[in-house]
Amino acid sequence: MARSSLPSCLLRLRLPLPMPAAPAAARRPRRRGAAAPEPVRGALTPERWIEAATDVLADRGIDSVRIDLLAQQLQVTRGSFYWHFRDRDELLRRVLGAWRDHATLQLTARLERAHADPREQLRDVISLPVRGRAAQRAARIELAIRAWARHDALARQSVDEADGARIVYIAQLFSALGFGVAEARWRAFALYAYVVAESQIAAPIAQLQREERDRFIERLMLQPLDAQT
């Protein structure tokens, strides 16, 4: 047999043999149609943060709307918040915008779609404060925002805009029923003040008595004034 051409000193060395590479972990094939897992930071939408902030605002007031408290409540890190918002001020602006859209723009649009008759729309306006748990939650949110507006310019502007838009909507209903522009606006202001007060008082009253009171308010608001007064 042919002798190896390697030096004998090298032949006497016992070099460790390279270990075979471990086989790559087999990937479990994903079932067809199964959705890929979502990243953790995308699990919460901006709307979820706004809703949580609104709940805290209604229950504890504006000073309790803090990023750390909200993150703890939603069981996420503070970093998740900054994925959606620059800072707390932006969140608060979005809270006010969501309140405006829901409690004014969407509400008046819903009332207009429900009835074409302006008198029926007025009846719906009068009954707004007593429409179950949704009305109670809306009243708590509005009360908290009005309290906030006493010492914050942005909140004050949002409340003023909401009040103005609602009064304009109600005044248009009175105008459609034949009242002049000025009188329609004063009647709208009076009715709106009643609705806001009714939503905040929340005094217990029997259903029959409430219906009688609503009919009285309707007659009062639609009664023509004496021309001499």
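No value in this document is a laboratory result; all are computed from the given coordinates. Please read these numbers as outputs of a predicted model, since none were measured by experiment. A quick note on method: Cβ atoms are made from the backbone with ideal geometry, for glycine too, and the neighbour counts reach across all protein chains shown.
Once the other residues with Cβ under 11 Å from the Cβ of Asp59 are scored (Lys, Arg +1; Asp, Glu -1), what is the net sum?
Residues near Asp59 contribute +2 overall.
One chain, two ends: Arg137 and Leu154. Fully extended at 0.36 nm per residue, the span grows by 3.9 nm beyond their Cα-Cα distance. Rounded to the nearest 20, the size of the Cβ-charge dipole of region 152-192 about its Cα centre is 160 debye, with Lys and Arg at +1 and Asp and Glu at -1. The order of the peptides 58-67, 135-144 by mean Cβ neighbours within 10 Å, most packed first, is 135-144, 58-67. In region 78-213, Cα pairs under 8 Å separated by at least six residues give a relative contact order of 24 percent. Sequence-ordered 3J(HN,Hα) estimates for region 159-174 from the Karplus curve with 6.51, -1.76 and 1.60 and θ = phi - 60° stand at 5, 4, 5, 5, 4, x, 5, 5, 5, 4, 4, 5, 4, 5, 5, 5 Hz, glycine and proline given as x. Apply 1/(1 + (r/R0)^6) to the Cβ-Cβ distance of Arg146 and Thr77, taking R0 = 25 Å, and write down the FRET efficiency to the nearest 0.05. Result of the calculation: an efficiency of 0.15. Overall dimensions of region 94-229, expressed as equivalent-ellipsoid semi-axes from the Cα gyration tensor (√(5λ), whole Å, largest first), are 25, 19, 15. Under 5 Å between amide hydrogens, built in the peptide plane, is the criterion, and for Leu177 it picks out nothing among residues at least 5 positions away or on other chains. Taking other Cβ atoms within 10 Å as a rough exposure proxy, Tyr82, Tyr192 sort from fewest to most as Tyr82, Tyr192.
Note that region 76-82 has calculated 3J(HN,Hα) couplings of 9, 8, 4, x, 4, 4, 6 Hz, one per residue in order, obtained from phi through the Karplus relation 6.51 cos²θ - 1.76 cosθ + 1.60 (θ = phi - 60°); glycine and proline are x. What residue among Ile141, Leu222, Val196 has its Cα farthest toward the positive end of the dipole of region 96-222, where the charges are +1 on Lys, Arg and -1 on Asp, Glu, each on the Cβ? Farthest towards the positive end: Ile141.
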